1. For the range A:70-89, how many residues are more than 20 Å from A:Thr18 (Cβ to Cβ) and either in contact with a Cys (Cβ under 9 Å, 6 or more places away or on another chain) or assigned to a strand (DSSP E or B) (or both)?
2. Only one residue in B:Met27, B:Met32 is farther than 28 Å from B:Thr15 by Cα, in contact (Cβ under 8 Å) with a residue 60 or more places away in the chain and more than 8 Å from chain A (Cβ to nearest Cβ). Which one?
3. Given the condition within 14 Å of chain A (Cβ to nearest Cβ), without any contact (Cβ under 8 Å) to a residue 60 or more places away in the chain and in contact with a Cys (Cβ under 8 Å, 6 or more places away or on another chain), answer yes or no: does some residue in the range B:93-102 qualify?
4. Given the residues A:Gln56, A:Gln14, A:Gln6, A:Gln69, which is the only one that is touching a Gly at 6+ places or on another chain (Cβ under 8 Å) and polar (S, T, N, Q)?
5. Condition first: closer than 18 Å to A:Val48 by Cβ and at pLDDT 90 or above. Now tell me which residues in the range A:18-36 satisfy that.
6. Please find, within the range B:42-74, the residue that is farthest from A:Phe104 (Cα to Cα) out of those that are surrounded by fewer than 14 Cβ atoms within 10 Å (Cβ to Cβ) and within 14 Å of another protein chain (Cβ to nearest Cβ).
7. Tell me which residues, restricted to the range A:41-60, are charged (D, E, K, R) and farther than 23 Å from B:Val88 by Cβ.
8. Pick from A:Asn67, A:Asn58: which is under 27 Å from A:Val114 (Cα atoms), more than 10 Å from chain B (Cβ to nearest Cβ) and not in a strand (DSSP E or B)?
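The values are calculated or read from the model by the stated rules, or taken from the named source; none is laboratory data. Nothing here was measured: the structure is a model prediction, and the numbers come from that model. Cβ coordinates were reconstructed from backbone atoms using ideal geometry, including for glycine residues, and neighbour counts include every protein chain displayed.
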Amino acid sequence: AQTVTQSQPEMSVQEAETVTLSCTYDTSESDYYLFWYKQPPSRQMILVIRQEAYKQQNATENRFSVNFQKAAKSFSLKISDSQLGDAAMYFCAYRRRDNYGQNFVFGPGTRLSVLP
Amino acid sequence: NAGVTQTPKFQVLKTGQSMTLQCAQDMNHEYMSWYRQDPGMGLRLIHYSVGAGITDQGEVPNGYNVSRSTTEDFPLRLLSAAPSQTSVYFCASSYGGGAIRGPQHFGDGTRLSIL
């Protein structure tokens with residue numbers, strides 16, 4: 001079964017600095033999606049960024065970017081110019097194929113604190 | 001746009017009681033799913049559906065039932081609540097149809113406590 005690992009349960013960053021959250025996954029498939037979701041204290045799940053496995057170019061959304069290393073099965077999230085509003089739980093997720101065509105697997109999450 | 005609507009937002013039950021968590025989406029998504037979120041464990045899939053009339057078990061299905069009579073609705077039923085089912089529950093939906101497309105859209109979650 002596919003698994004998603006986030007090895008950093010907690011991280012902290014100074015406001016305006018850069019932080020990188022790690023994610024690794026295990027799969028034998030070549031066609032899949034990867035996502036980072038943000039969960040602030042409001043409990044909402046907010047999509048931050050997505051990456052299609054067949055695209056070699058790393059996805060970027062404003063201050064958020066990923067480092068996608070397909071061979072290494074690594075998908076890290078970089079947050080530049082960190083802001084207080086970035087403080088949240090961050091979940092890495094993998095969308096895979098199964099008998100019905102798709103399913104999602106989430107990592108355990110990394111809690112990010114932003115220090116003023 | 002309403003997106004994914006979950007009700008209720010909070011619920012307290014006694015052990016042995018039954019209840020239904022409601023989930024509705026207005027995006028015509030084929031794929032819908034229920035997760036539970038527990039500290040340190042991320043989101044674990046309970047049940048999912050790839051279309052009306054089709055459901056399947058996820059990682060932690062025991063104690064829960066689902067049905068999908070329409071594209072829009074995907075209720076989750078707790079048959080006989082147990083303290084181990086105390087958790088935050090999320091409903092989500094996305095495009096499906098056998099092609100991997102796009103992210104899931106989540107409801108706001110239900111915090112459920114079983115006494």
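1. Kept after step one, since they are more than 20 Å from A:Thr18 (Cβ to Cβ), are these residues of the range A:70-89: A:70-73.
If we keep only those that are either in contact with a Cys (Cβ under 9 Å, 6 or more places away or on another chain) or assigned to a strand (DSSP E or B) (or both) too, we end up with none.
The number of residues fulfilling the criteria is 0.
2. Details: B:Met32 fails: farther than 28 Å from B:Thr15 by Cα.
Among B:Met27, B:Met32, only B:Met27 is farther than 28 Å from B:Thr15 by Cα, in contact (Cβ under 8 Å) with a residue 60 or more places away in the chain and more than 8 Å from chain A (Cβ to nearest Cβ).
3. Restricting attention to the range B:93-102, the residues satisfying the condition of being within 14 Å of chain A (Cβ to nearest Cβ) are B:93-102.
Okay, now just the ones that are also without any contact (Cβ under 8 Å) to a residue 60 or more places away in the chain, so B:98-102.
Filter once more, so that each one left must be in contact with a Cys (Cβ under 8 Å, 6 or more places away or on another chain): none.
Checking the range B:93-102: not a single residue is within 14 Å of chain A (Cβ to nearest Cβ), without any contact (Cβ under 8 Å) to a residue 60 or more places away in the chain and in contact with a Cys (Cβ under 8 Å, 6 or more places away or on another chain).
4. Details: A:Gln56 fails: touching a Gly at 6+ places or on another chain (Cβ under 8 Å); A:Gln14 fails: touching a Gly at 6+ places or on another chain (Cβ under 8 Å); A:Gln69 fails: touching a Gly at 6+ places or on another chain (Cβ under 8 Å).
Exactly one residue qualifies, and that residue is A:Gln6.
5. We begin by selecting, within the range A:18-36, every residue closer than 18 Å to A:Val48 by Cβ; these are A:18-25, A:32-36.
The answer is A:Thr18, A:Val19, A:Thr20, A:Leu21, A:Ser22, A:Cys23, A:Thr24, A:Tyr25, A:Leu34, A:Phe35, A:Trp36.
6. Taking the range B:42-74 as the starting set, the residues that turn out to be surrounded by fewer than 14 Cβ atoms within 10 Å (Cβ to Cβ) are B:53-54, B:57, B:62, B:69-70.
From what is left, the residues that are within 14 Å of another protein chain (Cβ to nearest Cβ) are B:53-54, B:57.
Numbers: B:Gly53: 20, B:Ile54: 17, B:Gln57: 13 Å.
Ranking the qualifying residues of the range B:42-74, first place goes to B:Gly53.
7. A:Arg50, A:Glu52, A:Lys55
8. Numbers: A:Asn67 fails: not in a strand (DSSP E or B).
Exactly one residue qualifies, and that residue is A:Asn58.
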